[in-house]
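Okay, so here's the structure we're looking at.
The values are calculated or read from the model by the stated rules, or taken from the named source; none is laboratory data. Just so it is clear, the model here is predicted, and its values are computed rather than measured. Using ideal geometry, Cβ is built from the backbone for each residue, glycine included, and neighbour counts are taken over all protein chains shown.
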Amino acid sequence: MPIMSLAEAVEAHVRDGDSVAPGSGPQAVITDFGILQPLPGSQELALVARYPHVSVAAAVAATGWPLKVADEVALLAAPTPLELGALRALNERTRLAHSRPVKLPAQGTS
């Protein structure tokens, strides 16, 4: 099962609605606040882990729905310098890619 961003998970839910078979959705959603995972049985996403600089209340407040919270929310380790470097490099490559205009083929040509 895929790991996806919160935006991707919301897009998939909007696109597919509630017709997704149990167990076929994301296994985890990584956000700027922590990690969400589906609750057993309902598949509703719940906060299961948070980053050191984020409170549970802040994560709930930043979510666009009544976010469930696991009974025990794990505290994630802060990223290492190597991980931060990789994320910053990815962010820069993404920014550059998104700054280029997209050239679409002319209609009527194949």
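A compact table of results
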| quantity | calculated |
| --- | --- |
| Some residue of region 71-83 being surrounded by 10 or more Cβ atoms within 10 Å (Cβ to Cβ), out of contact with any strand residue (DSSP E or B) (no Cβ under 6 Å at 6 or more places or on another chain), at pLDDT below 95 and outside any loop (DSSP other than H, G, I, E, B) | yes |
| Some residue of region 52-70 being in a strand (DSSP E or B), modelled with pLDDT of 95 or more and farther than 30 Å from Arg88 by Cβ | yes |
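A quick yes/no check of all residues on (1) in contact with a helix residue (DSSP H, G or I) (Cβ under 7 Å, 6 or more places away or on another chain); (2) among the acidic types (Asp, Glu); (3) modelled with pLDDT under 95; (4) surrounded by 10 or more Cβ atoms within 10 Å (Cβ to Cβ):
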site: Val10; (1), (2), (3), (4): no, no, yes, yes
site: Asp16; (1), (2), (3), (4): no, yes, yes, yes
site: Thr31; (1), (2), (3), (4): yes, no, yes, yes
site: Arg50; (1), (2), (3), (4): yes, no, no, yes
site: Leu104; (1), (2), (3), (4): no, no, yes, no
